[in-house]
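Worksheet: the structure to be examined is printed underneath.
The values are calculated or read from the model by the stated rules, or taken from the named source; none is laboratory data. This is a predicted model, so every value here is computed, not measured. No Cβ is skipped: glycine too gets one built from the backbone with ideal geometry, and neighbour counts run over all protein chains shown. Side chains included, ligands, DNA and RNA excluded: accessible areas come from the protein's heavy atoms. Shrake-Rupley method; radii C 1.70, N 1.55, O 1.52, S 1.80 Å.
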Amino acid sequence: MKPLAQPAAAAAAELTARRQTIAVAESSAGGLISAALLALPGASAYFVGGGVIYTGAAREQLLGLGKEEMRALRPATEAYAKLLADRVRERLGTTWGLAETGATGPSGNRYGDAAGHACIALSGPVELALTLETGSAEREANMWAFARRALELVSEALRKTR
């Protein structure tokens, strides 16, 4: 978790100081976002839970998002990431919901996105969403980059609510 220690610690310190909580719905990062937040002592003060929402079955069973709600959405978009962030926040009753979805590589996803494409969204007192394009086809490197950017987004949002 060393590559994610600094952004995770920054987000964790701010969440703890504010007595706020976070839930995570990640996909292409494969659990790295949650692991980075949980690797810090005192994680139970701010981390409520989350999941790796890697398939439609996981999305439906863990977040309650069925085919009807997905009809107008395409995965790996900012709008989809926002929906996931909203839903994980709602279901776990947290201050913040963080979601990531994308294409790690070595090839793109079935929706036409190139490897290295990720959309990240944060739901809460401030709503943010962004698209990250690493330009890399290296799967593991992309997973780390997606997780780092997601954690940085949390800190950015917390700074905006000071």
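When we screen 24, 48 for residues that are in contact with a helix residue (DSSP H, G or I) (Cβ under 7 Å, 6 or more places away or on another chain) and farther than 14 Å from residue 147 by Cα, the only hit is 48.
The single condition from (1) surrounded by fewer than 20 Cβ atoms within 10 Å (Cβ to Cβ); (2) more than 21 Å from residue 124 (Cα to Cα) that residue 49 fails is (2). Taking the listed residues 69, 26, 78, 14, the one that is more than 23 Å from residue 162 (Cα to Cα) and either of a type in the set (Ser, Thr, Tyr) or over 17 Å from the mean Cα position of the chain (by Cα) (or both) is 69, with no other qualifying. Does residue 64 satisfy the criteria of being open to solvent by less than 40 Å² (accessible area, probe 1.4 Å) and modelled with pLDDT of 95 or more? Taking the combined requirement at face value, the residue does not satisfy it.
Those strands (runs of 3 or more DSSP E) of region 85-144 in which at least 3 residues are open to solvent by less than 60 Å² (accessible area, probe 1.4 Å), within 13 Å of residue 50 (Cβ to Cβ) and hydrophobic (A, V, I, L, M, F, W, C), considering only elements entirely within it, cover 96-103.
Do we find that residue 42 is open to solvent by 40 Å² or more (accessible area, probe 1.4 Å), modelled with pLDDT of 95 or more, under 26 Å from residue 64 (Cα atoms) and of a type outside the set (Phe, Trp, Tyr) in this structure? No; evaluated as a whole, the condition is false for this residue.
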